[in-house]
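This report concerns only the one structure given below.
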Amino acid sequence: MNTVALTGATGFIGSGVLAALTARGARVRALARRVPETAGPGTTWVPGDLADGTGLAELCEGAAVLVHLASRVSGGAEECEAANVRGTAALMAAATRAGVHRIVHLSTTAVYGEGPHAGIGVDEVPPAPLSEASRTRLLGERHALDAGAHVLRPGLVTGTGDRWVVPAMAELVRRVPVRWAGGEARLSVVDRTDLARLVTALALDAHGAPAGVHHASHPDPVRVGDLLAALASLGLLTAPDGPAVPWEECRRLLAAAPGRVSERQFSLVARDHWYRSGAVWRLAACPPGPGPLARLPEAAGWYRTALGGSG
């Protein structure tokens, strides 16, 4: 099997993709700023840094496929531009020079901005990113598309290693202990395991899938109330009950109880943010799996540890 060049292999999503690729027998060459002391079967580590361009030529040399998952998800304009824009441009140029014939690039539905969004297709609303991370990831998409990439925009990603979605919801139900707009909002969510399977299928199998931008969440959106109930059933939080409270009152309650999660982030999990995502699973001939709620028990132990450590 041909070599797959991989960035972001030590991250939340990337570690899952690395496991999925090697489970399929792929030879993986992975870029890392801090190379792990040991390499699993089928994995070779390349020291380098997306932000300064080191290691990119070595990473891509002789590879048939590039899977680009690394990105800067916080920080100021210069830090985000160095990794997400200039780094992506340099990586795509290295892949082109090396003759890489297939590229899978990870982006995010956060490029669409605040919302609410209900059942939109790719770019049916114009991207309007609000953070430097999202703005520069949108700019980075253009370099990937110019190189012929499959660009994936997942929504919320849950599962083992998730330090944002479930921890944020656990904080928010303490700060706003009511039913947020009745819990009826729908969200695009995908479990890390299923997203890793999709990336792997596009990298190794989906020879006829057209390049371009694809939404990459589970095809079935998740009701906020159902997500909170599932988390409560696992003992990860206490689901709010009582009357449905409109969004403006939820905002007021949030402001009255300061914490780490911002109003904009609250909006992402309490109001409609779902994007039609069925097409890419069909193109990749990859079954989407039972859905993120059904996957939560697999990660429950990890979440309990993470929430206990943060609380």
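The values are calculated or read from the model by the stated rules, or taken from the named source; none is laboratory data. Computed from a predicted structure; not experimentally measured. Neighbour counts run over all protein chains shown; Cβ positions are idealised from the backbone, glycine included. Note: accessible area is taken over every heavy atom of the protein model, side chains too, but ligands, DNA and RNA are not part of it. Shrake-Rupley method; radii C 1.70, N 1.55, O 1.52, S 1.80 Å.
Observations on the structure shown:
- Each residue in segment 61-81 was checked for being open to solvent by less than 20 Å² (accessible area, probe 1.4 Å) and not β-branched (Val, Ile, Thr), and 6 of them qualify.
- Counting only helices (runs of 4 or more DSSP H) that sit completely within segment 230-311, those holding 2 or more residues that are open to solvent by less than 30 Å² (accessible area, probe 1.4 Å) and among the aliphatic types (A, V, I, L, M) correspond to 263-270, 292-310.
- Segment 2-20, residues that are open to solvent by less than 10 Å² (accessible area, probe 1.4 Å), among the β-branched types (Val, Ile, Thr) and closer than 17 Å to GLY159 by Cα: VAL17
- Cβ pairs under 7 Å, 6+ apart, first in segment 125-140 and in contact (Cβ under 8 Å) with a residue 12 or more places away in the chain, second aliphatic (A, V, I, L, M) and open to solvent by 30 Å² or more (accessible area, probe 1.4 Å): PRO127/LEU138; PRO129/ALA110; PRO129/LEU138; GLU132/ALA77; ALA133/VAL73; SER134/ALA110
- Yes/no for GLU58 being more than 21 Å from ALA95 (Cα to Cα) and open to solvent by 70 Å² or more (accessible area, probe 1.4 Å): no
- Qualifying position, being touching a residue at least 60 places away in the same chain (Cβ under 8 Å) and hydrophobic (A, V, I, L, M, F, W, C), among VAL111, VAL85, VAL100: VAL100
- Count of residues meeting criterion [open to solvent by 10 Å² or more (accessible area, probe 1.4 Å) and within 22 Å of the chain's Cα centre (by Cα)] in segment 91-104: 1
- Residue selected from segment 209-250 under the condition of a type in the set (Gly, Ala, Ser) and without any contact (Cβ under 8 Å) to a residue 60 or more places away in the chain, by the criterion nearest to GLY119 (Cα to Cα): GLY225
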